[in-house]
Amino acid sequence: MSEAEDKKLGMDRQITRRDFLNGVAVGTGGAVASSALPSFALRALAEPAAAQDQPGYYPPALTGLRGSHAGSFEAAHSERDGKFPAKAARANDTKEIYDLVIVGGGISGLAAAHFWRAKDANARVLILDNHDDFGGHAKRNEFRAGGRMLLSNGGTWAIESPFPYSKVARGLMDELGIQPAALEAKCYRRKVYKHLSNGVFFDKQTFGTDRLVAPAPGGRRGGGGSLEEWKAFLEKAPLSAEARQDILRLETEAADYFPGLTSDQKKDKLSRISYKDFLLKIVKVHKDAIPCYQTRTHGLFGVGIDAVPALDCWVLQQPGFRGLKLEPGPHPRMGYTPRGFAAPKEPYEFHYPDGNATIARMLVRKMIPGAAPGHDAEDIVTSKFDYSQLDKQDSPVRIRLSSIVVGVKHAGRAAQAKQVDVTYVRDGQLASVHGKNVVLACWNMMIPYLCPELPEKQKEALHYGVKVPLVYTSVAIRNWGVFEKLGVHSIACPGMYHHEMNLDLCVDIGGYESPKTADQPILVRMERTPCLPGLPERDQHRAGRGDLLSTPFETFERSIRDQFARVLGGDGFDPARDIEAITVNRWPHGYSYEYNYLFDPEWPPGESPCELSRRRFGRIAIANADAGAAAYTDSAMDQAWRAVEELHSA
Ligand SMILES: Cc1cc2nc3c(=O)[nH]c(=O)nc-3n(C[C@H](O)[C@H](O)[C@H](O)COP(=O)(O)OP(=O)(O)OC[C@H]3O[C@@H](n4cnc5c(N)ncnc54)[C@H](O)[C@@H]3O)c2cc1C
């Protein structure tokens, strides 16, 4: 883009987008140095004060590139590439000994600390995490716009899961006082967008012209809509006559494409072809119709319909299955999420304004009461945390941020060792601590590098899954008059950089009030899932991860501004004037990998990679949602519980 075009979009505007905290780059000292380096290098030994202990340290308020932010991963990548400087000899031994050291301060790591302390109230626990904030994927983004606080989820969106929460996970929620059904009834303000609908933006590169068409029939991710609604929508859509005709047939007619087969036989057949192939080869829709559906599965799977089984799309209420008269219920060849959705569902879902960051914050406040004021599951939302309380010497639970663990090794043979030595990098320096036990609540694929002493078969299993890359972007805008004018609150953009843009959900809770009138500032939530259609799912995730790690914030910002200009600009939105802040939460290692039977084998019970990979090894147990191959908060809790039980009963 030319300089003039950049200017028009507002690329030169002073908005809150860079990683600055009270005017000082976050991670005072070493973190700044390491984030500025293309790769990792150790610094000379010194004793700098930790950034998290500095006055004003408050990472939720940072904007710009968040999620896997600069400084949080370089040492780990260097370790992966075998380029890490020799460890043991250089580590500064802190001589700290804990009953439990936990690697990873996401919900699994925090829950493991909680479960451990519930068994041993005198235990001393240290949690190490590579990010500048706790919570892992459950991260909070805080904005100030128009003199008010706006909150959004940097990652984990809501308390919801395809399967009912287990007794353990539900028990933990009860202990924290989180009652999702009651909160939903009390705090959701659905009426605010009642008069607005969904829309679809057809972009020039994919559909030949830029055009927003609204209302779009059916739900946000497809499914539903009457014949009349579809006719009206398709009339305005810039699609070929064949595509329109076939979409109308697909969406409104009910044909049995497999006459003579039983429901089970049909399900089996559908589990062996992608939804894209089902549409093209079975339903025989014109190829021009495919781009309208390609990204429908991005939000849940991180790949498009070329890599998602048709059977899974049936559960997700995509069109084309009505005439097949499939019996309700799950099938063994469905992925984890669709299998759960096909079974009777939990009656609740609740989205805190900062997503499940609230659960992480509740856990931290419970274990370190001095870190935040308040006492219930509502006041927590506006509670300001004092990060300097997280790693106090006299606290039984300590959370040490910006600390990338690079080595976890038994002191002696695993079967006889009395402790495990844990080496980490912080502020460019190596340090070690010691745990009588260790829970690895970090990502599976990293564990073999941290812990080379694990059996080869286990390391191979740990490497199997490829986490799903995702981007959750929040854009603060001055007001949402343009959405009101267009009559939409949610816009699918199947061909664009971010495939969705939605007004943030309206939730009032504790002292927090969401914007309710169109003259107020609001957050627009956008999602991007980089992938490479045509490849097997895991290869698509690898490609997407590479894309995310090599994309600078400037590229994200330009694409965001361009998308706002093209989707809303014709109706009075000026990105240079109306965008107040941007936060891009990039997650190159996002959702835990869930098995996809288009590409993965059907392992016998006990033999799937997640089961082989989570075996306890001496005093080291493995938690994290990856250990359950299920990308949900309850999985993170369940795996924490199992890991803690395994160590306690060893
Ligand atoms: C964008 C997004 C949206 C989601 N939405 C939902 C949702 O709506 N509902 C839901 O239930 N689930 C959702 N999930 C899934 C859910 O967030 C996760 O399953 C859950 O939070 C995982 O928790 P965890 O503690 O197992 O892992 P994580 O949250 O990933 O935490 C692990 C932590 O360990 C750290 N770590 C890794 N390696 C090291 C190392 N070497 N040293 C130190 N630390 C290390 C990681 O950086 C991370 O901070 C979502 C996930 C993503 C990415």
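The values are calculated or read from the model by the stated rules, or taken from the named source; none is laboratory data. Bear in mind that the values here come from a model prediction, so they are computed numbers and not experimental data. Glycine gets a Cβ as well: all are built from the backbone with ideal geometry, and neighbour counts include every protein chain shown. Calculation scope for accessible area: heavy atoms of the full protein, side chains included, ligands and nucleic acids excluded. Shrake-Rupley method; radii C 1.70, N 1.55, O 1.52, S 1.80 Å.
Rounded to whole Hz and in sequence order, give me ³J(HN,Hα) for segment 288-298 from the Karplus expression 6.51 cos²θ - 1.76 cosθ + 1.60, θ = phi - 60°, writing x for Gly and Pro.
5, 7, 4, x, 5, 10, 3, 9, 4, 9, 4
Please name which of Gln429, Ala91, Ser78 has its Cα lying farthest along the dipole of the chain towards the positive end, using unit charges on Cβ (Lys, Arg +1; Asp, Glu -1) and the Cα centre as origin.
Going by the charge dipole, the pick is Ala91.
As an exercise, use a Förster radius of 56 Å and the Cβ-Cβ distance of Ala182 and Glu228 to find the FRET efficiency, rounded to the nearest 0.05.
0.90
Using a 1.4 Å probe, what is the accessible area per residue for segment 125-187, in Å²?
Heavy-atom SASA per residue in segment 125-187 reads 32 Å².
Can you compute 3J(HN,Hα) from phi for each residue in segment 351-363, using the Karplus curve 6.51 cos²θ - 1.76 cosθ + 1.60 with θ = phi - 60°, rounded to whole Hz and x for Gly and Pro?
Taking θ as phi minus 60°, the curve returns 10, 6, x, 9, x, 7, 4, 4, 5, 4, 5, 4, 4 Hz for segment 351-363.
How far is it, in nm, from the label point at Glu607 to the one at Asp53 when both lie 7 Å from their Cα along the line to the Cβ?
5.3
Give the shape of segment 388-543 as rounded, prolate or oblate, defined through the alpha-carbon gyration tensor: a ≥ b ≥ c are the square roots of its eigenvalues, a/c under 1.5 means rounded, and otherwise the shape is prolate if a/b is larger than b/c and oblate if not.
It comes out oblate by the Cα gyration axes.
Beta carbons within 10 angstrom, averaged per residue: use that to sort the peptides 152-160, 305-313, 412-420, highest first.
Answer by packing, highest mean first, reads 305-313, 152-160, 412-420.
Apply 1/(1 + (r/R0)^6) to the Cβ-Cβ distance of Arg189 and Lys392, taking R0 = 35 Å, and write down the FRET efficiency to the nearest 0.05.
Using R0 = 35 Å, I get an efficiency of 0.35.
Place the peptides 540-551, 317-328, 444-455, 584-595 in order of packing, highest mean first, counting for every residue the other Cβ atoms within 10 Å and averaging per peptide.
Descending packing order for the listed peptides: 584-595, 444-455, 540-551, 317-328.
Would you mind checking segment 259-283 for residues with the amide N under 17 Å from a putative spin-label position 7 Å along Cα→C-beta of Glu327?
260-271
Under the rule of at least 5 residues apart or a separate chain, name every residue whose amide H is placed under 5 Å from the amide H of Lys139.
Counting only residues 5 or more places away or on other chains, the set is Gly154, Gly155, Thr156, Ala357.
Contour minus end-to-end for Asp539 and Gln416, with contour as 0.36 nm per residue of separation and end-to-end as the Cα-Cα distance?
Contour length minus Cα-Cα distance gives 40.3 nm.
Assuming R0 = 25 Å, can you tell me the calculated FRET efficiency for the pair Asp376 and Asp99, based on Cβ-Cβ distance, to the nearest 0.05?
Taking R0 as 25 Å, the efficiency between Asp376 and Asp99 is 0.25.
Sort Asp394, Asp210, Asp427 by heavy-atom solvent-accessible area, probe 1.4 angstrom, most to least.
Of Asp394, Asp210, Asp427, the descending order of accessible area is Asp394, Asp210, Asp427.
Give me the number: length gained by fully extending Thr555 to Arg90, i.e. 0.36 nm times residue separation minus the C-alpha to C-alpha distance, one decimal in nm.
163.6 nm
By how many nm would the segment from Lys284 to Gln265 grow when fully extended, if each residue of separation counts as 0.36 nm and the alpha-carbon distance is taken off?
Value of the extension gain: 4.8 nm.
Looking at this model, which pairs from Lys384/Lys516; Lys366/Lys467; Lys139/Lys384; Lys267/Lys325 are more than 18 angstrom apart at the alpha-carbon?
Violating the 18 Å limit, Cα to Cα: Lys384/Lys516; Lys366/Lys467.
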